[in-house]
Amino acid sequence: MSIVKIIPTVNRLAKAISLPGGKRLGDAVDDASANLLTIKEPCLEALDATIGRIRDLAAEPAPSAEALEEIYARANEALGLGGLFGLPDLSKAAYSLCELIDSRPAGQGVGRQALDVHVDSLRLLRFGDALPQAERDNMVSGLASVVSHAKRSAGLQTP
């Protein structure tokens with residue numbers, strides 16, 4: 001028989017907010033935003049490297065299952081970094097890339113054009129406001145259509 005040991009954790013923020021004279025929620029959010037700004041540049045550099053790695057892996061004539069798994073993992077990283085640093089359209093494109101990889105039939109690859117359009121979109125959407133919002137919306141919508149088509153082709157979605 002095993003013994004379960006419960007170790008209570010203390011949420012320091014909740015404790016600081018609930019104490020009389022403690023930190024106000026708005027102040028805590030402001031502090032967190034300021035802290036994020038101190039790491040923004042290195043994180044965006046990491047995002048650029050992540051997108052570069054995705055591009056390199058996707059450039060293989062027929063990416064292997066291992067390469068697709070790494071593309072999936074890097075796209076997941078890009079999704080998180082995009083959301084954290086105000087690039088929601090990039091996050092949506094990264095999510096779409098993950099969905100595309102998930103839509104492939106077992107043991108098969110991903111369509112070359114579908115993969116390329118996702119990689120190109122990540123590169124373009126990385127620069128946020130460089131494109132008008134309507135163009136970014138169209139791009140994200142187009143990616144969703146590509147994934148929907150891939151899922152129908154794989155028999156994962158009814159028409």
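For the reader, a short list of remarks on this structure follows.
- Residue count for the range 63-95 satisfying the condition of being under 10 Å from the mean Cα position of the chain (by Cα) and small (G, A, S): 9.
- Checked against (1) farther than 30 Å from L97 by Cα; (2) open to solvent by less than 80 Å² (accessible area, probe 1.4 Å); (3) not acidic (D, E), I7 meets all criteria but (2).
- Test: residue in the range 12-21 that is open to solvent by 60 Å² or more (accessible area, probe 1.4 Å), without any contact (Cβ under 8 Å) to a residue 60 or more places away in the chain, among the basic types (K, R) and in a helix (DSSP H, G or I): yes
- Only residues that are of a type outside the set (V, I, T), modelled with pLDDT of 95 or more and open to solvent by less than 20 Å² (accessible area, probe 1.4 Å) were counted in the range 69-86, giving 2.
- Among the residues making up the range 87-104, those that are open to solvent by less than 10 Å² (accessible area, probe 1.4 Å) and more than 21 Å from D137 (Cβ to Cβ) are I101, S103.
- Scanning the range 1-55 for residues that are within 17 Å of the chain's Cα centre (by Cα), within 15 Å of L87 (Cα to Cα) and not charged (D, E, K, R) gives C43, L44, A46, L47, T50, I51.
- Hey, A93 assigned to a helix (DSSP H, G or I), in contact with an Asp or Glu (Cβ under 9 Å, 6 or more places away or on another chain) and either in contact (Cβ under 8 Å) with a residue 12 or more places away in the chain or closer than 19 Å to A59 by Cα (or both) or not: no
- Of all residues in the range 52-62, none are open to solvent by less than 40 Å² (accessible area, probe 1.4 Å), in contact with a Ser or Thr (Cβ under 8 Å, 6 or more places away or on another chain) and of a type in the set (A, V, I, L, M, F, W, C).
- The number of residues in the range 96-109 being out of contact with any helix residue (DSSP H, G or I) (no Cβ under 6 Å at 6 or more places or on another chain) and either not charged (D, E, K, R) or not in a helix (DSSP H, G or I) (or both) comes to 6.
- Only one of the numbered conditions (1) in a helix (DSSP H, G or I); (2) of a type in the set (A, V, I, L, M, F, W, C); (3) touching a Gly at 6+ places or on another chain (Cβ under 7 Å) is not met by A67, and that is (3).
- Inter-residue pairs, beta-carbon under 8 Å, first on the phi < 0 side of the Ramachandran plot and in the range 52-70, second surrounded by fewer than 16 Cβ atoms within 10 Å (Cβ to Cβ) and of a type in the set (G, A, S), 6+ apart: A65/G107
- Selection from the range 118-143 of residues that are open to solvent by 60 Å² or more (accessible area, probe 1.4 Å) and either assigned to a helix (DSSP H, G or I) or of a type in the set (F, W, Y) (or both): D120, R123, L124, F127, D129, A130, Q133, A134, E135, D137, N138, S141
The values are calculated or read from the model by the stated rules, or taken from the named source; none is laboratory data. Just so we're clear, the structure is a prediction, and the values are computed from it rather than from any experiment. Please note: Cβ atoms are built from the backbone with ideal geometry, for glycine as well, and neighbour counts cover all protein chains shown. Side chains included, ligands, DNA and RNA excluded: accessible areas come from the protein's heavy atoms. Shrake-Rupley method; radii C 1.70, N 1.55, O 1.52, S 1.80 Å.
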